[in-house]
Amino acid sequence: MTGPSQAERLLVSLGIGHPRDIDLEAIAYSQGAFVKYRPMDRCEASIVGNHKHAIIAVNSRSIATRRRFSVAHEIGHWHLHRNRLLLCSASEIGRFAPDALDPERQADDFASDLILPGFLFQPAIRTIRSLTMQALDDIAGTFQASRTATLIKSVKADRFPIVMVRDGLDGRRWFRSSRLVSPRWRVRGDLDPESFAHGLLYDGDAENVSPRKVGADAWFEFRGCQDEEVREQSFRPTADEIITIVTVPEAGLA
């Protein structure tokens, strides 16, 4: 088991012990960074400063959870990449790039741990028996986080046999699997027309807020997957993409 992250150590040092106490503007101020909100066209957020002090600018036009993640993302840059001028576009914040050495991915991970710290998130998710959309929204509301950020943290928690799949109009973008899902459940590289998610992305169907059964071969490719079923539920975080939670059966556990 890994120890607490830098973001989590920061929260502990500030005496934060409940999600409602995670005041990001106050946390930034305690670290010498001042948060300003203003309309921004070129980027979603930016940070500029010297060795001791910085100004974090965040797009005031964004929704509340987006602004909150942007602040946490820039605090991450302040901790990890000090003395650099960084302009972060909407496509860079919250994309969780696969390259762990990417500064934007590092800032995303820091933001995730700052808003959804493990020492507070784990007790919350242990109260849930299955990860429905309603359960996901309840936790997201408690931490004032987006569905997407909360789902990523839920996958990392390794409590449910789930795979998170992100699809856009340009194709499959990425996926992440809980360690409870056996490696034999190989995620296919495209969005199958038989999946409910396909109708949501391309046909404007309504979000399926309750898990629905579909053939496993709509999401996976391995010998015999056509004889199994999985449950899927999808939501649309932006106009051009969807995110799907795929739950594999107990027989699919590692």
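Here, each number is a calculation from the coordinates, and none is a lab measurement. All values reported here derive from a predicted model rather than from experimental measurement. Reconstructed Cβ throughout: ideal geometry from the backbone, glycine too, with neighbour counts over all protein chains shown.
Computed values, structure above
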{"item": "Förster radius 41 Å - calculated FRET efficiency between THR127 and HIS51 (Cβ-Cβ, nearest 0.05)", "result": "0.40"}
{"item": "Rounded tilt (10° steps) of 147-156 against the dominant C-alpha axis of the chain", "result": "70 degrees"}
{"item": "Global form of the chain, assessed from the alpha-carbon gyration tensor, a/c cut-off 1.5", "result": "prolate"}
{"item": "Extended-chain gain in nm, criterion 0.36 nm per residue less alpha-carbon gap, THR238 and ASP205", "result": "10.4 nm"}
{"item": "Rounded tilt (10° steps) of 64-80 against the dominant C-alpha axis of the chain", "result": "60 degrees"}
{"item": "Principal-axis tilt of helix 133-143 within the chain, Cα atoms, nearest 10 degrees", "result": "10 degrees"}
{"item": "Karplus 3J(HN,Hα) series, Hz, for region 122-127 with 6.51 cos²θ - 1.76 cosθ + 1.60 (x for Gly, Pro)", "result": "4, x, 5, 6, 5, 7"}
{"item": "For GLU44, distant residues with modelled amide H under 5 Å away", "result": "CYS88, SER89, ALA90"}
{"item": "Segments 126-136, 146-156 sorted - mean Cβ within 10 Å per residue, highest first", "result": "146-156, 126-136"}
{"item": "For ASP158, residues with placed amide H under 5 Å, excluding near neighbours", "result": "ARG179"}
{"item": "Förster radius 51 Å - calculated FRET efficiency between ARG223 and TYR29, Cβ distance, rounded to 0.05", "result": "0.35"}
{"item": "Choice from GLY199, GLY141, GLY224 with maximal GNM fluctuation in the chain (Cα, 10 Å cutoff)", "result": "GLY224"}
{"item": "Fewest-first ranking of ASP113, ASP240, ASP192, using other Cβ atoms within 10 Å as the exposure measure", "result": "ASP240, ASP192, ASP113"}
